[in-house]
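Shown next, in structure tokens, is the structure this report addresses.
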Amino acid sequence: MSTKWMTAALDYIPKWLEFQMRFHEQPGCSAALAHKGKIVWKAAYGHANVGRGVPLTTRHRFRVASHSKTFTAAGFMKLREQGKLRLDDPVSQYLSGLHRTVGDATIGQLLSHSAGIVRDGFDSGQWADRRPFLAKDELLADLEGGTTLPPSSRFKYSNHGYGLAGLILEEITGEPYGTWIQREIVDAAGLEETYPDTPLPKNVPMASGHSTKVLLGHRRIVPGANPTNALAPATGFVSTASDLATFFSQLAPDARRSILSAASRREMVRRQWTSEHSRVERHYGYGTISGRMGDWSWFGHSGGFQGFITNTAVIPSQELTLSILTNAADGMSGAWLEGAAHILRAFHEHGAPTRRAASWDGRWWSLWGATDLVPMGSKVYVGHPSLPNPLMDAGVIELTGRDTGRIALDNGFANHGEAVRRVRNAKGTVTEFWYAGGKLVSERRLAREMEKRYKKR
């Protein structure tokens, strides 16, 4: 189903991700790409549990945290389609005994984080594994003092707000949140690897979370298997990259298959609020975050759970959905998702490599690190796999012969206009790449050279 440019991009993205995993010493990463609602690529790197040396697979579940809000919002949109609620219904219509300012907030304000409700309560130790996630009575107790801001005064993210939304959903449906959302949203969307909360059924593989290395000099296992109780609508979900890519692709307004009407999907992704006091442009709809990556607009969600960082984005103009999950407190999923999207954009712009250019593909090394030759169209782009966007300001080589070329474009501090060449051995194998006056070689060859030149002292 994928196009030639996409196939070429998916040849390079794994090479870059593997390098990023190694460069940043991350425990594990699971990724998937959907095109027109179908999974066209999925992969897993590293470990599900570093301590036990368990290899990560694409079937290992991750805590996907605030992705849960998208599932919850989709549930409310489905109930709205059924005529069981309106988004401007006040909370007090369904729940009694609340502080007046909380009761006056609307369902739409809860779903768009504009109700002014406290973010995580007055003891947010559940996010640091210092206490269990809140039960219903504990959640309601945190709201006894009312809202912290007047409703609709600004965007103010609130996990407690989504916990409250879950209680409303239970009142409307007469069922526990997990039971209804599993049947009406998860199962209805055709997802087979997703659950609203833990504990999971037996024999379901679950990735462990990991701490950062900074504090102790090594990573500790963060189990991440604790139930989230009344906060499941905000953060409880467990899933895989493939299931998330499948589900989020169904929320695109032009999706071919969805559990929601096109009108509901448009309303979910419509920008309700802009995040203030932030250098990064981010908007929020109903359970969806949105923004731009270059000239591509996207919507999706992110998630942070103890020992897990996860991100998913839909790019409607290309009918693409990308999900990248990491199992570390310092996980790079956000940066990697943007990097992968930039790679896809570059191949979309320049196209799959010609036969002549394709032979230049490869990774070369010098004292300064790794350099990737990434053929696109008839040219070869000089990437740097250590960067979050490996093709940012990439040099461009125009080929002049089988093993020769000219740097047709480079930044002013680099080698614009100079020559490049490849060197072959007697067997015809390329053994060196010269970028202007700099010689680059294979990783193994450079390692031997470095060992010899810089002996231990």
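The values are calculated or read from the model by the stated rules, or taken from the named source; none is laboratory data. Because the structure is predicted, anything quoted here is derived from the model rather than measured. With ideal geometry, Cβ positions are generated from the backbone for all residues, glycine too; neighbour counts draw on all protein chains shown.
Of note:
- Residues that are surrounded by 18 or more Cβ atoms within 10 Å (Cβ to Cβ), free of Cβ contacts under 8 Å to residues at least 60 places away in the same chain and of a type in the set (Ser, Thr, Tyr) within segment 278-309 comprise just one, Ser290.
- Among residues of segment 253-277, those that are in contact (Cβ under 8 Å) with a residue 24 or more places away in the chain and either in contact with a Phe, Trp or Tyr (Cβ under 8 Å, 6 or more places away or on another chain) or not assigned by TED's automatic domain parsing to the domain that holds Ala43 (or both), counted: 8
- Test: residue in segment 262-273 that is under 19 Å from Asp187 (Cα atoms) and either assigned to a loop (DSSP other than H, G, I, E, B) or of a type outside the set (Gly, Ala, Ser) (or both): yes
- Candidates Ser378, Ser366, Ser317, filtered to the one that is polar (S, T, N, Q) and within 20 Å of the chain's Cα centre (by Cα): Ser317
- Restricting attention to segment 341-359, the residues that are in a helix (DSSP H, G or I), farther than 17 Å from Leu320 by Cα and within 29 Å of the chain's Cα centre (by Cα) total 1.
- Residue within segment 23-44 that is more than 22 Å from Phe248 (Cα to Cα), over 18 Å from the mean Cα position of the chain (by Cα) and part of a helix (DSSP H, G or I) present: yes
- Only one entry in Thr3, Thr7 is modelled with pLDDT under 95, more than 18 Å from the chain's Cα centre (by Cα) and β-branched (Val, Ile, Thr), namely Thr3.
- Test set (1) crowded, with 18+ Cβ neighbours inside 10 Å; (2) closer than 23 Å to Lys156 by Cβ; (3) of a type in the set (Gly, Ala, Ser) - Ser275 fails condition number: (1)
- Filtering segment 111-126 to residues that are part of a helix (DSSP H, G or I) and either more than 24 Å from the chain's Cα centre (by Cα) or within 13 Å of Phe155 (Cβ to Cβ) (or both) leaves Leu111, Gly125.
- So His99, is it crowded, with 17+ Cβ neighbours inside 10 Å, more than 29 Å from Arg266 (Cβ to Cβ) and assigned by TED's automatic domain parsing to the domain that holds Ala189: no
- The residues of segment 375-402 that are part of a strand (DSSP E or B) and under 16 Å from Ala341 (Cα atoms), listed by number, are Met376, Gly383.
- If you go through segment 55-86 and pick out every residue that is touching a residue at least 40 places away in the same chain (Cβ under 8 Å) and either in contact with a strand residue (DSSP E or B) (Cβ under 8 Å, 6 or more places away or on another chain) or polar (S, T, N, Q) (or both), you end up with 15.
- Test: Leu399 is among the aliphatic types (A, V, I, L, M), on the phi < 0 side of the Ramachandran plot and surrounded by 18 or more Cβ atoms within 10 Å (Cβ to Cβ): yes
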